[in-house]
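These notes are about the structure you will find just below.
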Amino acid sequence: MQAIGDEPETAGPMIRKLLVANRGEIALRIARTARRMGIATVAVHSEADTAAPHVRHADEAVLIGPAAASESYLRGAHLLEAAAQTGADAIHPGYGFLSENPEFAEAVAAAGRIWVGPPASAIRAMGLKDAAKRLMEEAGVPVTPGYHGAEQDPAFLAERAAEIGFPVLVKASAGGGGKGMRRVDDPRDFEEALARARSEAAASFGDDRVLVERFVLNPRHIEVQVFADRHGRIVHLYERDCSAQRRHQKVIEEAPAPGMTEALRSAMCEAAIRAAAAVHYEGAGTVEFIVDGLAMAQGRADCFFFMEMNTRLQVEHPVSEAVTGVDLVEWQLRVAAGEPLPRSQTEIALSGHAVEARIYAEDPARDFMPATGRLEALRLPADAPALGIRVDSGVAEGGTVTPHYDPMIAKLIAHAPDREAAFARLAEALAGSHIAGLESNLAFLDRLVVDADMREGRIDTGLIGRRGEGLTGEPAAEALELALAGAAIAGLLARAGEALTGWRAWGRGWSRLRLMAGGAVHDVALAPGAAGALEAETALGTVVFRAHALGAARWQVQTGAESLVVHLHTGSDTAG
């Protein structure tokens, strides 16, 4: 479906210099497209980001404040000063920070600069979930049955919950990301859940208002990428499935959604376009739906409900780019400059399947607690394009993940002719990645992308929670891992293969170490074996192996009939 208005007016002047009001991988990603289009770029940075990759790769950079985001990236006045100082004629907010702040959008326009985003009126209309859902009902977009009104008396809300029928979901009217959200299965728990949701909403968004909705069992999170210009044209770029979540935060996203029928796709994409038209949208936006997974599996097309509209570019936008061949940032820049959409709906076709994994500095074994520290080693697939992999990252080896910002390290995006091949490519890319110096979710992602239900498309938002420690538990140490770590620490690995390594006139020389792995202490004894091999004795077993350096902390390891490539990094106090 495509909404077509009058013939486009003459486009405004093309952007000459773009200030990216963000940091990390999204700032780098925007700058890449701008550079390809011949647009000069200006990076902004806090004191903590002075040496960050997004700063080094920009044409100009401006310091905007201390490390805390509240004193730098969230200071609209500082960003506008940087634009004036550098002569930037446009500002792209990326995602997060001020990207959905209508006051900042208005301030950019008032300063005579181009805002690369939707109108402030559209941001406001979709900013409060309760008001947005009332607007969507009027526009004929299906919404989840529930109470979206202004009355907030606890007794009144409890009555509405009883009418809706348990289980229900209490959700903050403002904000998102799972904050201020509580599922309630029993009426007796409603009062406490309401109080907690309100408290969290007030702390996170400065607004304790909530709405109450029916909880959709076996829910899937499917969203539609939409794009509109100022000439009345609106198109969709199909759907993405973002059901694989932890703590209501997305981890794996893919396009198109597995199990999607043409009838459901048509209904959902048409509803997304109606949603965008209802707020006179411009630019890139995402309409998010909650889908009844059981009804979808039965082939029904009336199984989706509007959740919210994100009035910005999404973290997972690369999977839509992969399957449509569209550079969404280029479209944003062209539409912001007044140009019509580059393609009509009939010119946007699906090609293959794409899946994205978000690599975070976090500890899955401790409820995905964010991790901080120095990236002693960061190895992402060097031959990514040849593998059908795109790597988006905003950090570099030797850099620091601080507590001030989102702990994302990178996104790996695999594109292939079909879903099975895309997941296989992603699994290979994850296996070829290595991080040392701080905790990360790499091992968790390794397990998730080969999970049987994930690979077969039997997913919903509760999948990760149901798997529990099978996905998130700390990996148990293995004898070979202990042997390699011990050999590296003892300085034996670099000499592996030398026939006389560790030779003594009175017998073999043993090196004995005590290692900590997975919270347990392990004793390891190492000595030279025959023909340049190393022998390691551990409580987990005895291992005899040979190792050959491949460079860049990669080793070819031979043990028995098995041969494998491992990453091995030694830092100040770690071997990983």
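Figures for the structure shown
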| item | result |
| --- | --- |
| Among residues of segment 148-196, those that are at pLDDT 95 or above, open to solvent by less than 30 Å² (accessible area, probe 1.4 Å) and out of contact with any helix residue (DSSP H, G or I) (no Cβ under 9 Å at 6 or more places or on another chain), counted | 1 |
| Number of positions in segment 249-261 that are part of a strand (DSSP E or B) and open to solvent by 10 Å² or more (accessible area, probe 1.4 Å) | 2 |
| Residue match in segment 235-242 (condition: closer than 24 Å to G140 by Cβ, modelled with pLDDT of 95 or more and open to solvent by 10 Å² or more (accessible area, probe 1.4 Å)) | yes |
| Qualifying residues in segment 262-298 (those that are part of a loop (DSSP other than H, G, I, E, B) and open to solvent by less than 40 Å² (accessible area, probe 1.4 Å)) - the one nearest to S173 (Cα to Cα) | V279 |
| Residue tally, condition buried (at least 23 other Cβ atoms within 10 Å of the Cβ) and closer than 12 Å to L18 by Cβ, over segment 83-107 | 7 |
| Failed item, numbered, when E321 is tested on (1) outside any helix (DSSP H, G or I); (2) closer than 23 Å to I413 by Cβ; (3) open to solvent by 10 Å² or more (accessible area, probe 1.4 Å) | (1) |
| Pair list, Cβ under 7 Å, 6 or more apart: segment 109-130 residue open to solvent by less than 60 Å² (accessible area, probe 1.4 Å) and modelled with pLDDT under 95, other residue assigned to a strand (DSSP E or B) and basic (K, R) | K129/K171 |
| Qualifying position, being at pLDDT below 95 and either in a helix (DSSP H, G or I) or more than 20 Å from H231 (Cα to Cα) (or both), among A357, A365 | A365 |
| Qualifying residue in segment 64-77 (condition: open to solvent by 30 Å² or more (accessible area, probe 1.4 Å), at pLDDT 95 or above, of a type in the set (V, I, T) and touching a strand residue (DSSP E or B) at 6+ places or on another chain (Cβ under 8 Å)) | no |
| Of residues in segment 300-314 being part of a loop (DSSP other than H, G, I, E, B) and in contact with a helix residue (DSSP H, G or I) (Cβ under 8 Å, 6 or more places away or on another chain), the one nearest to R240 (Cα to Cα) | L313 |
| Wholly enclosed strands (runs of 3 or more DSSP E) of segment 372-461 bearing at least 2 residues over 17 Å from P318 (Cα atoms) | 377-379, 434-436 |
| Qualifying residue in segment 49-58 (condition: without any contact (Cβ under 8 Å) to a residue 40 or more places away in the chain, part of a helix (DSSP H, G or I) and under 24 Å from A228 (Cα atoms)) | no |
| One residue from G399, G437, G457 being touching a residue at least 60 places away in the same chain (Cβ under 8 Å), open to solvent by 10 Å² or more (accessible area, probe 1.4 Å) and under 27 Å from A58 (Cα atoms) | G399 |
| Tally of residues being under 22 Å from C242 (Cα atoms) and surrounded by fewer than 19 Cβ atoms within 10 Å (Cβ to Cβ) across segment 366-390 | 3 |
| Condition broken by E474, with the remaining ones in (1) touching a helix residue (DSSP H, G or I) at 6+ places or on another chain (Cβ under 7 Å); (2) over 18 Å from E316 (Cα atoms); (3) buried (at least 20 other Cβ atoms within 10 Å of the Cβ); (4) not basic (K, R) satisfied | (3) |
| Boolean, A109 is touching a His at 6+ places or on another chain (Cβ under 9 Å), more than 19 Å from A172 (Cβ to Cβ) and outside any loop (DSSP other than H, G, I, E, B) | no |
| Inter-residue pairs, beta-carbon under 6 Å, first more than 30 Å from S440 (Cβ to Cβ) and in segment 342-357, second of a type in the set (S, T, Y) and open to solvent by less than 60 Å² (accessible area, probe 1.4 Å), 6+ apart | I348/T324; L350/Y238 |
| Restricting segment 489-515 to residues that are in a helix (DSSP H, G or I) and surrounded by fewer than 19 Cβ atoms within 10 Å (Cβ to Cβ), the residue that is modelled with the highest pLDDT | I489 |
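The values are calculated or read from the model by the stated rules, or taken from the named source; none is laboratory data. Nothing here was measured: the structure is a model prediction, and the numbers come from that model. A quick note on method: Cβ atoms are made from the backbone with ideal geometry, for glycine too, and the neighbour counts reach across all protein chains shown. In case anyone asks, the SASA skips ligands and DNA or RNA and just uses the protein heavy atoms, side chains included. Shrake-Rupley method; radii C 1.70, N 1.55, O 1.52, S 1.80 Å.
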